[in-house]
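So the structure is just underneath, and the comments pick up after that.
The values are calculated or read from the model by the stated rules, or taken from the named source; none is laboratory data. Owing to the predicted nature of the structure, the values given are computational and were not obtained by experimental measurement. No Cβ is skipped: glycine too gets one built from the backbone with ideal geometry, and neighbour counts run over all protein chains shown.
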Amino acid sequence: MAKKSPYYIIVISLIIIWIFSLISSYLYPETFEYVVQEDGIIENLTAVVIFIAMCITGTRIFRLWKSKVWQWKVVMFGLLSLLIFALGEEISWGQRIFNIDSDPFFKENNTQGEMNIHNLKLGGIKLNFLISQVFTVLLSLYLLVLPYFYRKKENIARLVDLSGIPIPTFRQTFFMLFPLILVLIMTHGSKWEILEISLAMAGLLIILLPLNKEKIYN
């Protein structure tokens, strides 16, 4: 039970965030806006969660490097790179932390005037929109299609375990998908910050304790 304590703390925290967001966005919009504002509580918490996931993944790579095959190393390095990129984008690569002025390119083409990629608008097209579309498709395949075949096909399960791909449990799949429904219910303009923190925390749950944890992290 002690080993699972951090897991349950994240689960409880995530549920509290959902309840708070749903109630405050309707009844106390000023409070909600304060929490989700730029460089606010939710945005900083999202960065912390991604950083924790990054540290866990990096530690596992270091600990298991000698005992794992090249496929596992490629997947783990890919995951680590994705987390580093996500953290960098979330904090605009330290721009506000170190008080760095934006390059003229970003001032002109970034919707927030910051040095990040996901807020770029090129040729009238918001890159964030394209990224979200691709992300939704890939997330659906990962959460719904891959776990199904993992449970049904032994050869796919062996390949997945060999490659170190963490498979979400049914509950973890719910924690990843429910925020998508939540933001459809909410009408507040800053609701997307809740989606980001929810996906980050649910992702951390999968990294911490996936269905195939014993097979890929030992």
Practice problem: Filter segment 20-35 down to residues that are small (Gly, Ala, Ser) and touching a residue at least 40 places away in the same chain (Cβ under 8 Å) and give me whichever is surrounded by the fewest Cβ atoms within 10 Å (Cβ to Cβ). | Solution: SER25
Practice problem: Return yes or no: is ILE167 within 23 Å of VAL74 (Cα to Cα) and either in contact (Cβ under 8 Å) with a residue 40 or more places away in the chain or not aliphatic (A, V, I, L, M) (or both)? | Solution: yes
Quiz item: Does segment 59-68 include one or more residues that are of a type outside the set (Asp, Glu), surrounded by 15 or more Cβ atoms within 10 Å (Cβ to Cβ), modelled with pLDDT of 95 or more and within 21 Å of the chain's Cα centre (by Cα)?
Solution: yes
Quiz item: Do we find a residue being among the aromatic types (Phe, Trp, Tyr) and surrounded by 14 or more Cβ atoms within 10 Å (Cβ to Cβ) anywhere in segment 123-131?
Solution: no
Quiz prompt | Which listed residue is surrounded by fewer than 16 Cβ atoms within 10 Å (Cβ to Cβ) and either at pLDDT below 95 or part of a loop (DSSP other than H, G, I, E, B) (or both), from LEU159, LEU195, LEU184 | solution = LEU184
